[in-house]
Amino acid sequence: MNYIRKSILQGILVAFSVVGTGVSFSSCSSEELDPVSVFASETTEVQNDFDRWLEKNYVDNYNIEFKYRFEFNESDKSYNLIAADYNKSIALSKLIKFLWLETYEELCGTDFIRSYCPKVIFLIGSPAYDESGSVVLGAAEGGLKISLFNVNGINTENLNVEELNKWYFKTMHHEFGHILNQKKSYPTEFNEVSAKNYQSESWVNLTDQEALDMGFVSNYASSEASEDFVEILSIYVTNDAAYWDNLVSSASETGQQAINAKLNIVKSYCKETFGFDLDNLRRIVQRRSAEVVDLNLNLD
Amino acid sequence: MNILLINKARRIFAVFFTLLSLLLTSLLLTSCNSEGEVFTESSAQRATTAIKEYTKILTQQENGWILKYYPQSAMEYGGYTTLIKFASDGKVQMASELFKSTDVLESSYSLKQSAGIYLTFDTYNEMIHLFSDPSAPFRGSTGSGMEGDYDFSIMHASQDSIVLKGRKSGTRAVMVPMKIDKQWKEYIEETNAAEFMMTFKKYTLDVSGKTYKVSRTDRNLTISADEEETQSSIVAHYLFTPKGIELYEPIEIDGKKISGFVLTDNDVYPEVNNTEIVLMPEIPNLNEYLVDGMWFISYSNLGVYGQKYWNYLKTSLDNINEELLFAFIGTYNGQFSFTFNSSGYIGSLYYDYFFIGSNQISLNFPLMADTNGANYYNNVAGMKSALVPFAHSSTRFFNLSADDVKRPTWIKLTDKYEKTNIIVLTKSIVTYPFKN
């Protein structure tokens, strides 16, 4: 026994001594920390006026990186996508600030929007064509990044608020709804209202009327409960009261009941979890949507 | 304990620890490069240095660069020329052979490190994004487009040339400097002229006396040996330059190298370096041109006789709240026909024809059509009238003439028996024929 222990001890000592000399061997590459930072001054991208404006209005205010230059690594590689037009990117950055960021600022204060807003907004020029033939409008990832598609489709000469809503703002409110839900979940009783009617991928096959009669504000809302929640929120807020009332009343009796029940849950979630009134949000969005025609969409 | 066992154990442990220490030593020694550093700078610094150098090379060319680019991994469309001038403020200006020769569009570019240095056109410029736009504005299908690139890794860059590799397609693109005194407008117009002069459907290729058949789709030539021999053929992708046809890479036929063909005005195009190799277009007869192509109709070019009948078409379409978007005579979906687009509905009414000589043709309507064509023929009274100037209840005989019988941009059909029936059809598309 002693012999074995001694051998083991010997062996360990040998190993350690080699390791010891090994340490001094490896220090021969004398790698000192380079005082020159590779992240600092040498940006390979040249800053232009738009970049400077974004620095002041997006980074300083909200800590949001507004990526208008296309980056392959930021994009969803399962689609064929192309870059956004420079001038349209400027227009969109101003529209987003006015119609979305400042709306929430007005509603809940700067700290609210700064804590919950996505940290990256990524612009893509083309739509993302899906195999099913439908087109992706926007994508939110884990609350950190929102991608907006079809920026090149914006007509800056003739602002069409309805088109803007369809392509961007309803999408942004929809995606922001996901972000809020990801931070704090909505009550599970919401899932129960339309539990039997969710369609998953077959949502594309429902017409608007069929969806309404089943208790959904859009056919996409019928795909699953989490989409249902944010569709209610975004459609409610990006249209006026008359539109919403008209939409709901065109549904069947049972459809109306389901929609109204779910709307109530959405409203109380906003109030109790985040302290804002959904109707207030709608009022602000609608007011700003009307004011947007006077907005200057250029850098100057 | 058994002494034999203990000794065995000692030996095993001794061997084990010797091996272990040898392993550790060798690992530690190799982790420390006693040969010395291969690079004096860190990899990140080398990237920054490379980017600065490439920026200098790109922006130093005062008259910009000629980008010769073949989109899509199989290069199925052939190659296209774009002129690009890079500025040090991150902006580019582009012109393209596919646009008006005076059009210049501005956008941005970046040089980035990402497993090599990438040149990327990262804000929208129609001239380069044409090749990758999934809405397929030029070629390809919706959702994929031409599957081209806007990100290129820089394989090699010097003052004389820049070799790029498309990130998506993996194909090689090359930029060469634009001559300092050459106007962009001129370069594009000369390139367009070469295309106009040299584009045909079929050619013959003569390689030192031996003849090959050549057919063309987009900017690709398929060269095949005579039918007697084996079925082998070569595909050569090409683009146009002011000088003629330039192949993506040289091909070899019968041991002879072919890198391009020179534009001449006698319809015989010699190889760039070897006059014993010539490409000769098979120039169709004028009546063959009419049948093989698509020749567009406009109201103003219908002649007195034709206009009388087309007035009925206009009335019929107005009555159903539709508008004629275009109409042509030619081959569509493999059928020679009268084809129309009424508010998005495309239909074809088929025609039979006979060639008489090289510039005469007879047209006959056999009461055959595709589904939409038949639908309109049966339900829209004016559609029958639309056919009358070309042929309806009886055969018509036309003499054909053109601005250039070898390369017509318009064809005039003169009815041999109805003196007032003279129709001019154009090669270029006419939209809203009733307004033009």
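Throughout, read-outs are computed from the coordinates displayed, never taken from laboratory work. Since the structure is predicted, the reported quantities are computational estimates derived from the model, not experimental observations. Note that we place each Cβ from the backbone using ideal geometry, even for glycine, and neighbour counts take in every protein chain shown.
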Subject >> Fluctuation leader among B:E97, B:E41, B:E106 - chain B, Gaussian network, Cα springs under 10 angstrom >> reply: B:E41
Original post:
Long-range amide H contacts for B:I117: which residues qualify at under 5 Å (H placed 1.01 Å from N, peptide plane, sequence gap of 5 or more or a different chain)?
Top reply: B:I154
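Can you give the net charge of the other residues whose Cβ lies under 15 Å from the Cβ of B:Q335, counting K and R as +1 and D and E as -1? Each step should come with its number before you reach the end.
Values: positive: none; negative: B:D292, B:D352, B:D370.
So the environment of B:Q335 carries a net charge of -3.
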**OP:** Excluding residues on the same chain fewer than 8 positions from A:K145, give the aspartates and glutamates whose Cα lies under 17 Å from its Cα.
**Re:** A:E65, A:E71, A:E74, A:D76, A:E175
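What's the Cα-based Rg to Rh of the range B:222-318, Rh via Kirkwood?
On the way: Rg = 21.8 Å, Rh = 17.6 Å.
Rg/Rh for the range B:222-318 comes to 1.24.
Of the listed peptides B:144-157, A:58-71, what is their order by residue-averaged count of other C-beta atoms within 10 Å, with the highest listed first?
Working: B:144-157: 20.8, A:58-71: 18.2.
Ranking the peptides B:144-157, A:58-71 by packing returns B:144-157, A:58-71.
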Subject >> Bins of 10 Å from zero: percent of alpha-carbon pairs in the protein assembly as shown >> reply: 2, 10, 15, 16, 17, 15, 12, 7, 3, 2, 1, 0, 0
Original post:
Which three extents, in whole angstrom, do the alpha-carbon atoms of chain B cover along their principal axes, largest first?
Top reply: 121, 63, 55
**OP:** Kindly provide log₁₀ I(q)/I(0) values, in the same order as q = 0.08 Å⁻¹, from the Debye equation applied to equal alpha-carbon scatterers of the range A:49-294.
**Re:** -0.30
Original post:
At 222 nm, what helix-only mean residue ellipticity would the protein assembly as shown give, in deg cm²/dmol to the nearest 500, using -39500 (n - 2.57) for each DSSP H run of four or more?
Top reply: -10500 deg cm²/dmol
Original post:
Could you name the lysines in cross-link range of B:K210, using Cα to Cα under 19 Å and dropping any fewer than eight places away on the same chain?
Top reply: B:K202, B:K256, B:K257
Subject >> For the range A:191-249, projected area of the alpha-carbon convex hull averaged over all directions, nm² >> reply: 3.7 nm²
**OP:** Using θ = phi - 60° and the Karplus relation 6.51 cos²θ - 1.76 cosθ + 1.60, list the HN-Hα couplings for the range B:257-266 in order, rounded to whole Hz, with x at every Gly or Pro.
**Re:** 8, 10, 10, x, 10, 8, 5, 10, 9, 10
**OP:** Considering only B:K419, B:K384, B:K68, give the residue with the highest GNM mean-square fluctuation for chain B, with springs between Cα atoms whenever their separation is below 10 Å.
**Re:** B:K419
Original post:
When every alpha-carbon pair in the range B:43-182 is counted, what percent end up more than 19 Å apart?
Top reply: 48 percent
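List, in the order given, every pair from A:K88/B:K112; B:K85/B:K179; A:K183/A:K271; B:K179/B:K243; B:K406/B:K427 whose Cα-Cα distance in the structure shown is over 18 Å. Before the final figure, lay out each step's value.
On the way: A:K88/B:K112 24 Å; B:K85/B:K179 12 Å; A:K183/A:K271 15 Å; B:K179/B:K243 14 Å; B:K406/B:K427 13 Å.
Beyond 18 Å: A:K88/B:K112.
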Subject >> Exercise: per-residue mean of other protein chain Cβ atoms within 10 Å, B:136-144 >> reply: 2
Original post:
For the range B:289-436, treating each Cα as an identical point scatterer without solvent, what Debye log10 I(q)/I(0) comes out at q = 0.12 1/Å?
Top reply: -0.43
**OP:** Have a look at the range B:133-255 and give its Rg and Dmax from the Cα atoms, expressed in angstrom.
**Re:** 17.5, 51
Subject >> Per residue convex hull volume, Cα atoms of the range A:178-290, in Å³ >> reply: 100 Å³
Subject >> Choice from B:Y312, B:Y118, B:Y238 showing the highest fluctuation, given a GNM over chain B with Cα pairs closer than 10 Å >> reply: B:Y312
Original post:
Amide H neighbours of B:E97 under 5 Å, counting only residues 5+ apart in sequence or on other chains, H built in-plane at 1.01 Å?
Top reply: B:T81, B:L83
Original post:
Under the Karplus relation 6.51 cos²θ - 1.76 cosθ + 1.60, θ = phi - 60°, what is the ordered set of whole-Hz ³J(HN,Hα) values for the range A:254-262, x standing for Gly and Pro?
Top reply: 5, x, 4, 4, 4, 4, 5, 4, 5
